[in-house]
Amino acid sequence: MLRAVLLDFNGVLVDDEPIHLRLLLRVLAEEGLEVAPEWARESFFGVDDRDCLERAFARSGRALDELARARLVARKASYYQEEIRRAGYPIVPGAAAAVRSLAAAGFSLGVVSGALRHEVEGALRAAAIRERIAVVVAAEDVALGKPDAEGYRRALMELQRAAGGTDRMIHPHEVVAVEDSPAGAAAALAAGLRLVAVAARGRPLAGAEGSVVSLAELTPERLRALVPDAA
């Protein structure tokens, strides 16, 4: 029986991937790294800011120590907050309603993201769905971002704690991850979860049992049709 849904954030709940790309390129340019947007778009897709910066510096043959990386992540985060204060969070149309519908149907819900916690929490509050989300695992909560499975494994443990009053454990095959990137899909599958793809940009995800164009389409009925109960 399906019991929980873990959602990616960027590209699934909020349509802010173009913002992140633009701001990462801005930070890199300030450090003297001119990075081709086409390369960045492919190389940064689905991974957190730390890995994006490391990939860009490595490609340019420059070293990036942990302290410098943290400084650049913080600078990019400040630019993101300026953007959000100016224009608000670009919540995917219909995503908040889908979250409410899944929660009302009895699914435990969580978010597993490479975004910073204040970005995730801010968007959930702006969409008035924070109280529907039992678990948030953000960039600060893991040592390794996607495609490593650490975030999803941690989320599963936190779901177990949140469901402490239930009569049995939540098993990985009872949890569906909703992802839009190959890195995210690989992380979810490595954690033993089942997978639904958001294929808004026409990117198929290996291992997905089904796909939707937008989270808005993922009603409880559609989810159960895409991901039949495991034997």
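Just so you know, all these numbers are worked out from the coordinates, no wet-lab data involved. Here the structure is a predicted model, which is why all the values come from computation and not from measurement. Glycine also receives a Cβ, built like all others from the backbone with ideal geometry; neighbour counts cover every protein chain displayed.
Odds and ends about this structure:
- A Cβ-based charge dipole, computed about the Cα centre of the chain with Lys and Arg at +1 and Asp and Glu at -1, lands at about 280 debye.
- Ranking Gly46, Leu64, Gly32 by Cα position along the charge dipole of the range 17-87, where only Lys, Arg, Asp and Glu carry charges on their C-beta atoms, puts Gly32 farthest toward the positive end.
- By definition, a body whose alpha carbon gyration tensor gives a ≥ b ≥ c is prolate when a/c is 1.5 or more and a/b is larger than b/c, and the range 49-90 fits this prolate description.
- Largest first, the extents of the alpha carbon coordinates of the range 156-197 on the three principal axes equal 34, 15, 14 Å.
- Modelled spin-label separation between Leu67 and Glu209, with each label point placed 7 Å from Cα along the Cα-to-Cβ direction: 4.9 nm.
- For the pair Ala163 and Arg222 in one chain, pulling the backbone fully straight at 0.36 nm per residue adds 18.8 nm over the alpha carbon distance.
- Prolate/oblate/rounded call for the range 86-203, Cα gyration tensor, a/c under 1.5 rounded: rounded
- Per residue, the chain reaches -13500 deg cm²/dmol at 222 nm when only DSSP H runs of four or more residues are counted, each adding -39500 (n - 2.57).
- Inter-probe distance in nm under a simple model that places probes 7 Å from Cα toward Cβ, at Ala105 and Glu42: 3.6 nm
- Taking the C-alpha atoms only, the angle from helix 95-104 to the longest principal axis of the chain is near 30 degrees.
- Summarising the amide proton neighbourhood of Val111: residues at separation of 5 or more, or on other chains, whose placed amide H is nearer than 5 Å comprise Leu7, Val135, Val136, Val137.
- Answer label, with P(r) over Cα pairs in 10 Å bins from 0, in percent calculated from the coordinates and candidates [x] 8, 35, 40, 16, 1; [y] 8, 34, 36, 17, 5, 0; [z] 7, 26, 32, 19, 10, 4, 2, 0: [y]
- Taking amide hydrogens as placed 1.01 Å from N in the peptide plane, the amide H of Val92 sits under 5 Å from those of Val14, Asp15, each at least 5 positions away in sequence or on another chain.
- Protection proxy ranking of 48-56, 180-188, by the mean of other Cβ atoms within 10 Å over each peptide's residues and highest first, is 180-188, 48-56.
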